[in-house]
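Novice: Sharing a structure with you now.
Only the coordinates and a few stated rules stand behind these numbers; no lab work does. A quick note: this is a predicted structure, and the numbers were derived from the prediction, not measured. Cβ sites come from the backbone with ideal geometry, for glycine too, and all protein chains shown count toward neighbours.
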Amino acid sequence: MNRTDSTLSPAALLSATLLVLALPAVFADGFGQRLAAEMLLLGTTAMSLGLLVGFGGMVSLGHAAVFGSAAYAAALAAPWTGGALLPTLALGLATGLVTSVAIGLLALRVQGLFFLVLTLVAGQIVWEIVFRWHDVTGGADGLRGFGALSLHGHDLTSPLALYTTSAALALAAAVVARAFLRAPLGRALVGSREQPLRMRALGYRLGGIRLAACAVAGGIAGAAGALYPFVNQYLGPSTVHWSLSATLIIMLVIGGTRSLWGGYIGAAAYLAMQTYVSSWTDRWQLLVGLVFVATVLLMPQGAAHAVGGLVARLRKQP
């Protein structure tokens, strides 16, 4: 796998770290910091979906169920975990991993359109459980009041603390995803996308490789989902609905499906349009659609690849 697949070199990681550290100065108020935290969490989730879509060739509409199930698990367990950060993250990671593997075991028996439909059905089963189990999940009313996150006795309720925690998770998730893609298993995943027949002829078990990718993607999405209710302060059934999976795919296409930065760029662009454009028109989704079409036509590999290509050309200039 070449670098253009992931575009996550050590220099890029350092640049991203510096940018993330500087963002609180841009989003000086609490609303902006919470919005930036939400961008990072949804960006992390979109990035994890990119492992399946871009690197594995598996388009899933069940990823919101993975993200949302972890969010509900963390929210419902808050009275017992006391909002402690590490147990909350561990619970979310485990829930996301198990949910993603369960969906994978069901859907990986088929490929292409049938895989897409089976992940949609699996996701809707999770949504139906959340929507109907009112006594536990709150049903259509959702859940509120999750308490405060804490780390070794330090309160993490302020918008800046939530942003910093989300940023640390996003960077850690990017490092894990990069390590996975550069490992033999990750290279085999890319091979299964590009040359499945040759990979089978070489003795690779493609089902096991793809299931491992589901586990990694699910764990990352689950960790992001665990923080989501504490940042958003509300959790409803839309969090597990297939439409959120479609939104994550839109984010990926805007940012780039085969770049680890694509999910973050797409999430930032989408949420910025949703938040700021909707303040002066209720047709903000029209703008999202126009940006989506423009990206597909003008930057088919996404904004991350376009920016990377521009930087490479600038470096070559004397």
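Novice: What whole-number value in cubic angstrom gives the convex hull volume per residue for the C-alpha atoms of segment 53-122?
Specialist: Details: hull volume 5.5 nm³, N = 70.
Measuring per residue, one finds 79 Å³ for the Cα hull of segment 53-122.
Novice: Could you work out the helix-only [θ] at 222 nm for the chain, with each DSSP H run of four or more residues adding -39,500 (n - 2.57) and the total divided by the number of residues, to the nearest 500 deg cm²/dmol?
Specialist: On the way: 15 runs with 237 residues, N = 318.
So the helix-based figure for the chain works out to -24500 deg cm²/dmol.
Novice: Oh, and also: Mind checking which of Val59, Val277, Val98 has the largest fluctuation in a GNM of the chain, springs on alpha carbons under 10 Å?
Specialist: Comparing Val59, Val277, Val98 in a Gaussian network model of the chain, the most mobile one is Val277.
Novice: Here's a follow-up. Using DSSP to define loop residues, name the chymotrypsin sites (Phe, Trp or Tyr not before Pro) in segment 81-161 whose beta-carbon has at most 11 other beta-carbon atoms within 10 Å.
Specialist: Of the chymotrypsin sites (Phe, Trp or Tyr not before Pro), not one in the loops of segment 81-161 has a Cβ with at most 11 other Cβ atoms within 10 Å.
Novice: For segment 34-92, with equal point scatterers placed on the C-alpha atoms only and solvent neglected, what are the log10 I(q)/I(0) values from the Debye formula at q = 0.13, 0.22 1/Å, to two decimals?
Specialist: -0.42, -0.94
Novice: At a temperature of 25 °C and a viscosity of 0.890 mPa s, determine how fast segment 11-239 diffuses translationally according to Stokes-Einstein, using the Kirkwood radius over alpha-carbon pairs as Rh; express D in µm²/s, rounded to the nearest whole number.
Specialist: Calculated translational D: 135 µm²/s.
Novice: If we sort 78-89, 199-210 on the protection proxy, mean other Cβ atoms within 10 Å, highest first, what's the order?
Specialist: Ranked from most to least packed, the peptides come out as 78-89, 199-210.
Novice: Tell me, Ser259, Ser192 in order of fewest to most beta-carbon neighbours within 10 Å?
Specialist: Result, fewest neighbours first: Ser192, Ser259.
Novice: Using a Gaussian network model on the chain with a 10 Å cutoff between Cα atoms, which of Gly255, Gly153, Gly302 fluctuates the most?
Specialist: Gly153
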